[in-house]
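Below you'll find the structure, written out as structure tokens, and then a few comments.
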Amino acid sequence: MRLLIAFALVLGLAGLAYLAGRARGNRMVTAAGGRIGVVHSRPVYHGAYVAVLALAPALIVLAGWGIVGEGLIEGQVLGSLSAAERPAPGNDSEALMNEVRGLVNGDLPQAFNPLAPRLAPVYAAARSNGDMLAGAMAVALLAMGGLWGWSRLRPDFRARNRVETQVRALLLIASIVAILTTFGIVLSLIFESIRFFQLVSPVEFLTGLAWSPQTAIRADQVGSTGAFGAVPLFWGTIFIGAIIAMAVAIPLGLMSAIYLTQYADPRLRKWLKPILELLAGVPTVVYGFFAALTIAPLVRSFAVSLGMTDASSDSALAAGLVMGVMIIPFVSSMADDALAAVPRAMRDGSLAMGATPSETVKKVMVPAALPGIMGGVLLAVSRAIGETMIVVMAAGLAANLTANPFSSVTTVTTQIVALLTGDQEFDSAKTLSAFALGLVLFVMTLILNIYALAVVKRYREAYE
Amino acid sequence: MATIAAPAAPIAERQPTDWATPAMRSRIAARYRAERNFRRLGAAALVIAASFLAFLLFTIVRDGWTGFQRTETRIDVQFDAATLGVDPAAVAGPQGQALLARADYQALLLKAAEQLGPADDTLSDAAWMELREALMEDPALLGKRASLWVPVRSSIDLLAKGKYDLAAPAESRGVTDREVSDWRWLDGKGRLRTGFNTTFLFGADSTEPELAGIGGAALGSLLTLIVTIAIAFPLGVFSAVWLEEFAPKGRLADIIELSINNLAAVPSIIFGLLGLAFFLNFAGMPRSAPLVGGITLALMIMPVIVIASRVAIKSVPPSIRDAALGIGASPIQVVFHHVLPLALPGIMTGTIIGIARALGETAPLLLIGMRAFVTDVPQGFTSPATVLPMQVFLWSDDVQRGFVEKTSAAIMVLMLVLIAMNSLAIYLRNRFERRW
């Protein structure tokens with residue numbers, strides 16, 4: 001809130017700087033008698049130039065204070081305590097500081113920690129001092145930058161070129177955010193995974209057959225061995241995402257695409273396509289709820305009617321079926337693209353030879369489009385294995401190595417959620433293992449995507 | 001030495017196919033049959049997909065529409081100043097409202113519930129709030145008798161809505177005989193009515209199904225999306241402009257393009273891991289806050305916006321750029337005065353689709369703690385909040401029977417908003433997009 005006000009203030013002052021610069025530009029134009037070409041840039045660019053010079057340093061100061069400020073205040077507040085009273089760094093200090101903040105902000109009527117009421121005035125003073133200092137610095141820099149920029153304005157000053165260079169820099173910075181995000185993902189996954197692999201060997205993680213991440217709290221506890229063999233998870237992920245879901249999505253998606261592109265009336269297609277798109281737009285949490293509440297009991301009673309008395313109520317089949325339906329629109333649109341890329345001459349030639357449309361599709365179109373379709377299927381697989389909510393809600397937590405679709409299996413994403421929600425100590429192998437699983441998932445989807453996109457690209461080029 | 005090639009041997013005479021023979025006829029019939037079957041197979045695939053969607057929507061609406069209703073019972077309340085523990089003289093004073101707000105309505109309700117006879121245990125835990133509301137609205141009621149409609153417990157509510165199978169044996173139907181007899185008694189006396197459940201639309205989460213609402217989660221979603229849009233829209237559009245209009249061919253542009261394409265395919269839960277490891281544990285930002293959720297979702301949907309914006313910018317014909325450049329505009333002026341305004345409908349369509357994705361997303365928010373149980377409407381960008389899809393997830397996990405209809409009703413609201421957003425995107429695309 002305080003920062004928001006500060007930002008609004010700085011923006012307002014920068015607006016004034018803009019007006020001042022523009023006014024000076026206007027005066028120069030008037031002085032030149034309004035003749036075009038005497039003043040290099042139009043007044044708005046003079047204004048913008050002054051505003052940018054005023055705004056940039058002030059924003060950097062404010063953003064810096066927003067990032068490091070709280071830490072500095074905390075150090076000062078905790079430093080005001082004598083060494084004996086000072087709580088242990090980590091959770092205790094954190095809890096104390098939260099209470100102090102609550103008291104100062106008025107969110108908390110009373111504190112539990114007896115130290116908190118004493119620290120509250122210290123905190124309030126430190127914060128207002130810091131705020132004043134940062135605010136004064138920002139305003140001073142703003143005034144200096146603005147004045148310097150304002151003083152540089154001349155009729156022959158190339159304000160527009162300067163402003164355009166700045167805008168280009170802004171565009172480049174926005175683009176670089178994508179690289180930073182990728183780096184952030186890779187670094188945070190690798191960093192936490194390395195900490196995990198210091199506790200558990202990578203070989204055990206990648207080849208072990210037992211998964212039971214609950215570490216024992218007491219030494220004599222039964223059943224909490226802390227085994228981190230992730231193979232059952234990989235199997236469960238592939239079983240649900242790449243086998244069951246694809247068994248649903250490939251035939252249905254492919255046949256839908258064939259019907260829509262080859263047979264359907266344009267008017268019918270206008271109605272059918274949005275239905276498929278709607279299927280793609282349903283939030284995954286809704287699919288998960290539907291899978292857990294409606295499909296899973298149906299699957300279970302079906303299994304029981306087949307004579308399987310031990311059928312699980314969170315079967316792999318229920319999650320896989322619903323995930324397959326979710327993927328249908330994706331497979332369908334990829335197949336649609338692939339079929340559309342087959343040269344028309346091939347189709348017409350086949351039809352002209354007397355083949356029926358279905359023979360043309362089966363013997364000419366699909367074989368010709370096969371690489372494209374396969375690429376689409378691989379992309380669909382990479383989506384399915386990264387899908388989280390359906391499996392969190394409908395698949396189980398028991399890590400079983402089984403090919404029985406009516407029993408319960410668990411997946412990588414389910415385990416990541418299970419490991420990272422609820423109570424967590426951040427440095428335990430249990431929590432860190434989620435990042436190692438995330439790294440495996442990231443690498444798996446990345447390889448699938450790069451490979452699939454290469455296949456699709458090569459296929460498109462073949463017919464161009 | 002050239003020799004004249006001998007005339008080619010005459011082509012072997014081939015009898016024209018006699019299509020009238022039974023063999024050929026049956027062969028054609030078989031081919032046509034295969035054709036029809038294949039066509040039916042295609043139609044069947046679409047019918048299966050559509051009927052799955054219809055089934056999904058049907059079960060959600062069937063279970064959910066009662067979530068917008070609540071059952072209320074009529075009680076006569078004697079607003080007795082002594083029971084309330086307030087002084088009638090002071091209520092008339094300047095502190096009157098504050099006094100009334102703090103009065104002991106629980107005791108008042110307990111007394112009033114006696115008139116329900118055998119069914120005195122059927123009122124909701126929050127029924128006293130209705131008494132407070134009534135009295136604070138009209139302080140003149142103090143000392144008088146009034147007839148009020150107050151909400152009942154979830155089990156009675158569900159009985160009134162017919163959600164239990166009363167023919168089933170007592171142990172498997174999920175409701176006790178006492179509750180059934182209470183409900184029959186109230187119903188028989190004509191003391192029950194069904195009203196619109198405003199608590200559901202505007203209230204926050206609660207442990208009691210009859211008091212739980214999606215208002216808090218909806219506001220949390222709104223705050224989160226504000227952050228998401230404020231970050232993802234400028235970043236996405238600027239990146240697209242740079243890549244399409246200014247990027248020099250080279251390694252940097254290639255790396256950026258590769259990053260964006262990869263980010264578009266990264267599973268959403270990975271962004272949650274990034275948010276947890278970087279924003280929460282490294283940068284020390286607050287858990288469960290719309291700010292962090294919004295930033296995480298912004299990074300997730302930015303590639304969607306970039307890709308859509310690039311397509312839109314690319315579809316603006318080069319002649320527009322050439323014309324503007326030709327009369328002396330600078331490249332930046334060309335982009336911001338001509339290209340972007342013309343590409344805007346496409347950019348908006350992509351942005352709305354991206355935002356709809358962010359609104360329906362749950363997995364990354366789970367990891368940054370937005371599953372907090374929040375009984376209060378969120379106060380700001382840094383206070384704990386939850387979002388609509390997360391509320392669906394949390395309620396679907398709840399064992400209480402009353403939450404099933406709440407979950408479905410919340411899904412109905414979520415789906416309505418999403419369908420509205422997607423329709424808007426389609427409308428914008430059809431209305432404003434120009435074909436050059």
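A few comments on the model shown:
- Selected residue (criterion: surrounded by the fewest Cβ atoms within 10 Å (Cβ to Cβ)) from residues of segment A:192-221 that are modelled with pLDDT under 85 and among the β-branched types (V, I, T): A:I217
- Contact annotation: residue pairs with Cβ atoms under 6 Å, 6 or more positions apart or on different chains, pairing a residue in segment B:238-255 that is not β-branched (V, I, T) with a partner that is not in a helix (DSSP H, G or I), are B:A253/B:A247.
- Filtering segment A:269-327 to residues that are within 9 Å of chain B (Cβ to nearest Cβ), among the aromatic types (F, W, Y) and free of Cβ contacts under 8 Å to residues at least 60 places away in the same chain leaves only A:F290.
- Scoring A:A227 on the criteria (1) farther than 30 Å from B:F38 by Cα; (2) part of a helix (DSSP H, G or I); (3) free of Cβ contacts under 8 Å to residues at least 40 places away in the same chain leaves a single failure, condition (2).
- Looking at A:V29, A:V52, A:V100, just one residue is more than 14 Å from chain B (Cβ to nearest Cβ) and buried (at least 20 other Cβ atoms within 10 Å of the Cβ), and that residue is A:V100.
- Any hit, segment B:248-259, residues being over 30 Å from A:Q166 (Cβ atoms), away from chain A (no Cβ under 12 Å) and charged (D, E, K, R): no
- Yes/no for A:M323 being surrounded by 19 or more Cβ atoms within 10 Å (Cβ to Cβ), more than 19 Å from A:Y463 (Cβ to Cβ) and either touching a Pro at 6+ places or on another chain (Cβ under 7 Å) or in the same structural domain as A:V440 (by TED's automatic domain parsing) (or both): yes
- Only a single item in (1) more than 8 Å from chain B (Cβ to nearest Cβ); (2) closer than 23 Å to B:A277 by Cα; (3) crowded, with 18+ Cβ neighbours inside 10 Å is not met by A:L189, and it is number (1).
- Residues located in segment B:233-247, provided they are more than 29 Å from the chain's Cα centre (by Cα) and more than 7 Å from chain A (Cβ to nearest Cβ): B:E244, B:E245, B:A247
- Those residues of segment A:427-438 which are at the interface with chain B (Cβ under 9 Å from one of its Cβ atoms) and either within 18 Å of A:T181 (Cα to Cα) or surrounded by fewer than 22 Cβ atoms within 10 Å (Cβ to Cβ) (or both), in sequence order: A:F435, A:G438
- Filtered residue count, segment B:63-106, keeping only those that are under 30 Å from B:S396 (Cβ atoms) and either among the aromatic types (F, W, Y) or touching a Leu at 6+ places or on another chain (Cβ under 9 Å) (or both): 7
- Restricting segment A:245-259 to residues that are buried (at least 24 other Cβ atoms within 10 Å of the Cβ) and within 18 Å of B:P267 (Cβ to Cβ), the residue that is farthest from the other protein chains (Cβ to nearest Cβ) is A:A245.
- Residue list for segment B:372-397, restricted to those being without any contact (Cβ under 8 Å) to a residue 60 or more places away in the chain and surrounded by fewer than 22 Cβ atoms within 10 Å (Cβ to Cβ): B:Q379, B:D397
- Being assigned by TED's automatic domain parsing to the domain that holds B:W128 and either without any contact (Cβ under 8 Å) to a residue 40 or more places away in the chain or of a type in the set (K, R) (or both) holds for only one residue in B:D76, B:D87, and it is B:D87.
- Residues of segment A:120-141 classified as farther than 29 Å from A:Q110 by Cβ and among the aromatic types (F, W, Y), total: 0
- Counting only helices (runs of 4 or more DSSP H) that sit completely within segment A:348-410, those holding 3 or more residues that are small (G, A, S) correspond to A:366-386.
- Residue in segment B:276-288 that is part of a helix (DSSP H, G or I), more than 8 Å from every other protein chain (Cβ to nearest Cβ) and at pLDDT 90 or above present: no
- Which listed residue, of A:M353, A:M374, is out of contact with any Lys or Arg (no Cβ under 7 Å at 6 or more places or on another chain), surrounded by fewer than 20 Cβ atoms within 10 Å (Cβ to Cβ) and under 30 Å from B:F271 (Cβ atoms): A:M374
- Failed criterion for A:I36 (all others in (1) without any contact (Cβ under 8 Å) to a residue 24 or more places away in the chain; (2) of a type outside the set (D, E); (3) in contact with a strand residue (DSSP E or B) (Cβ under 9 Å, 6 or more places away or on another chain) hold): (3)
- Unique match (being buried (at least 21 other Cβ atoms within 10 Å of the Cβ), farther than 30 Å from A:H40 by Cβ and modelled with pLDDT of 90 or more) among B:A343, B:A356: B:A356
The values are calculated or read from the model by the stated rules, or taken from the named source; none is laboratory data. Note that the coordinates shown come from a computational prediction; the quantities given were computed from them, not determined experimentally. Note: ideal-geometry Cβ built from the backbone for every residue, glycine included; neighbour counts use all protein chains shown.
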